[in-house]
Amino acid sequence: MSEEHYNRWLILISAIVINICIGTLYAWSVFAMPLGKLFGWAPPALALVFTINHGLSPVAMIGGGYLQDKLGSKTTIIVGGLMFTIGLFLSGYVSQVGMLYLTYSALAGIGGGVIYAGNIGNTVKFFPDKRGLAAGLCAAGYGCGAMLVAPIASALIINYGVLNTFQILGTAFFIIIAICIMFIKKAPAGYKPEGWTPPVVAATAAQPTGNDSKWTQMISEGIWWVVMIMLFCGAMSGLMVLAHASPIGQIMFKLTPMNAAFFVSIITLANALGRVGFGALSDRIGRSNTIMIMYIVSALSMLNLAFTTSVAGFVASGIGCGAVFGGFMGTMPTIISDRYGLKNFGVNYGITFIGFSLAAIFGPLTAAKVRVATGNYEQAFWIALGINVVGFVFAYIFRTMDVKSKK
């Protein structure tokens, strides 16, 4: 089918706006301290909200990927959108932290994952000629969500309280997502933009197989396990900072809540830009080389956080950490689609997201326990530094296996 039947750029913009809405899930640190003050909940209990939320990501991604592959993006986004907005709205009525685990962590979290799987899986299919760009921009929308929502949510919390803020945001996002859904269309099989002819080339490092593998075939390859471990290591250090960015700023650098929210926005902007920037870099120098660079940047950022006492140092490290975290979110979909095709991309990427889930389980909770035990986050930064070193080793293994598969 020709491109004139599908305004793929309008579909991409709609997907980005929807992803900005669900990116609110990354702004959890803005809600955590007000909830702690309101109800007297301990930091580990609040960190568990974020942990459960992202720990359920594979369930959401696999389910959303299945719906997207079978029924199309619009149906997937409707289902996920209802879950996300209702979960966010109901979070405004909680009185016990266990209720928050159900509304924000489970309902809104799974809904957000279902939306993301439907959005990125469908949008990439509309851009076979610009796959990296489309995946990066979609992922960047998700990353921008916290940047845009954090200061708005912080202002709403000051004026209306944290519970009313959940209700306001849930209502607003319901309206926005409903409007955007009207412009989403299911990508037809084998879609080709008008005037574009698929290049006939041999397998390369960027696209070593070119086949449409099922998830059972995918997990039978040793290189996939290496990819999942790389995602775990890259996401864990990022989540340790992103989930606690506001408290880190307030406790260790004496920032006010509003200033901390502003710096959360800066870090999440770096997150968004990293998704596009590192994705573009991987097109030029290769996926494995880019990932190794990202681990080095992340490790240096953690090292600086462990020593710096200045706000500028905190921001510099936050930008580095956020950009690298975004880089993993932007490059991983491309690695999976390149190696295992687009036909079963939704489910395949959802299963790969298990690495992210494990990072979400261990990362934020580890940082919270360190804070309770020591009064600050310094030891957590050293732990994250070690994880980056491990990740670098697996990135080197991935490069070796990738070169062999090309040959």
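The values are calculated or read from the model by the stated rules, or taken from the named source; none is laboratory data. The model shown is predicted, which means the values in this text are computed figures rather than measured ones. Note that we place each Cβ from the backbone using ideal geometry, even for glycine, and neighbour counts take in every protein chain shown. The area values use the complete protein model at the heavy-atom level, side chains included, leaving out ligands, DNA and RNA. Shrake-Rupley method; radii C 1.70, N 1.55, O 1.52, S 1.80 Å.
Points worth noting:
- HN-Hα J in Hz across the stretch 66-79 - Karplus 6.51, -1.76, 1.60, θ = phi - 60°, x for Gly and Pro: 5, 4, 5, 5, 9, 10, x, 5, 4, 4, 4, 5, 4, 4
- The stretch 45-196, relative contact order [Cα under 8 Å, separation at least 6], %: 33
- Measuring nothing but how far apart in sequence close Cα pairs (under 8 Å, 6+ apart) lie, relative to its length, the chain scores a relative contact order of 27 percent.
- The stretch 137-169 residues near the modelled Arg284 label - backbone nitrogen below 20 Å, point 7 Å along Cα→Cβ: 137-138, 140
- All lysines inside 23 Å of Lys185 as judged from Cα atoms, apart from same-chain residues fewer than 8 positions distant: Lys70, Lys74, Lys125, Lys130, Lys343
- Protein accessible area in the chain, 1.4 Å probe - carbon and sulfur %: 69
- Packing-based ranking, highest mean first, of 93-99, 63-69, 280-286 given that Cβ atoms within 10 Å are counted: 63-69, 280-286, 93-99
- Lysines with Cα under 22 Å of Lys37, excluding same-chain neighbours fewer than 8 positions away: Lys254, Lys369
- Where N is the number of residues in the stretch 4-102, Cα Rg divided by 2.2 N^0.38 Å: 1.29
- Size of electric dipole in the chain: Cβ of Lys, Arg +1 and of Asp, Glu -1, about Cα centre, debye, nearest 20: 320
- Cα centroid separation - the stretch 380-407 against the stretch 223-292, whole Å: 17
- Based on C-alpha pairs under 8 angstrom that are at least 6 apart in sequence, the stretch 67-129 has a relative contact order of 46 percent.
- Potential extension, Asn7-Asp212 segment - 0.36 nm per residue separation minus Cα distance: 71.2 nm
- Rolling a 1.4 Å probe over the protein heavy atoms gives the chain an accessible area of 38 Å² per residue.
- Computed over the alpha-carbon atoms, the chain gives an Rg to Rh ratio of 0.96, Rh here being the Kirkwood radius from the mean inverse distance.
- Modelled spin labels at Ser95 and Thr171, positioned 7 Å past Cα toward Cβ, are 2.2 nm from each other.
- Modelled spin-label separation between Leu71 and Val372, with each label point placed 7 Å from Cα along the Cα-to-Cβ direction: 3.9 nm.
- Translational diffusion of the stretch 1-51, µm² s⁻¹ [Kirkwood Rh, Cα pairs; Stokes-Einstein; 20 °C; 1.002 mPa s]: 156
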